[in-house]
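All remarks here apply to the structure that follows.
Bear in mind that the values in this text are calculations on the coordinates, not laboratory data. Keep in mind the model is a prediction, meaning the values are calculated, not measured. Neighbour counts run over all protein chains shown; Cβ positions are idealised from the backbone, glycine included.
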Amino acid sequence: MNLTILLQTVAAVADTAMATVPVTAPVVAPMVPPVDVVEPTLSFFDMAVRGGWIMIPLVILFVLAIYIFIERTITLHKASKEDASFMNRIKDYIYDGKLESALNLCRDTKSPSARMIEKGISRLGRPMSDVQVAIENVGSIEIAKLEKGLGLLATISGGAPMIGFLGTVIGMVQAFFEMEQAGGNTINLSQLSGGIYTAMVTTVAGLIVGVCAYFAYNYLVGKVGEVMRRLEMRSMEFMDLLNEPAAGKK
């Protein structure tokens, strides 16, 4: 009897204790935002630095090629511009006997064809062969002026890749030197990275400079050809112009 009363008392006390214990909410771990993994990148400047000293002449050649291309493009653009009525005005002045006005028009026009026609007008009164030779000589001089710098651009297009390949050989020699210094020990790839970077970067840089110079050279050669054909056409027009009055008198 007493044991039953004791068990009931213990159960009551346990229920009372459980009722007084506060119920806590489950602890939720804070959300951690995902961390973006930044992948290493290789900029153009870093690549140029890893190429070593061989990159210095390649950069100089690249800047020189850009300068020649821009300067020649501007020059050829000016040489190709011409007044459509130029030859008609020259024809009128010559028919009217106003040779001085024709010469002044050529001096004011300031184009290769105008300088060529000016030389022809200054030779009027001499045999036609002398006039034609004078025109052709001036045309050759004008073409030589327009081709200024194209030889250097062609040299850059062929020389830059060779300099890049020279850097490749230097880089491989450096890599093999590092392997030799390691001896019989385990070779660490980081020891060879300097030479391999030099070998690969200089090859890429040399090819980039060479290809850009090659396309620039061929573009400029095409523009010079256009001006040359225009000079030949103006020369033929001028010679035909000189022959027309003589034909009209017969």
Residues Arg234, Arg115, sorted so that the one with the fewest Cβ neighbours within 10 Å comes first | Arg115, Arg234
Final fewest-first order of Lys78, Lys91 on the 10 Å Cβ neighbour count is Lys78, Lys91
Going by how many other Cβ atoms sit within 10 Å of their own, how do Thr198, Thr109 line up, fewest first?
-> Thr109, Thr198
Gyration tensor on Cα atoms of segment 54-173, a ≥ b ≥ c root eigenvalues, a/c under 1.5 rounded, else prolate if a/b beats b/c, else oblate, says prolate
Extending each Cα 7 Å along its Cβ direction at Lys91 and Ile60, get the distance between those two points in nm, one decimal.
-> 5.4 nm
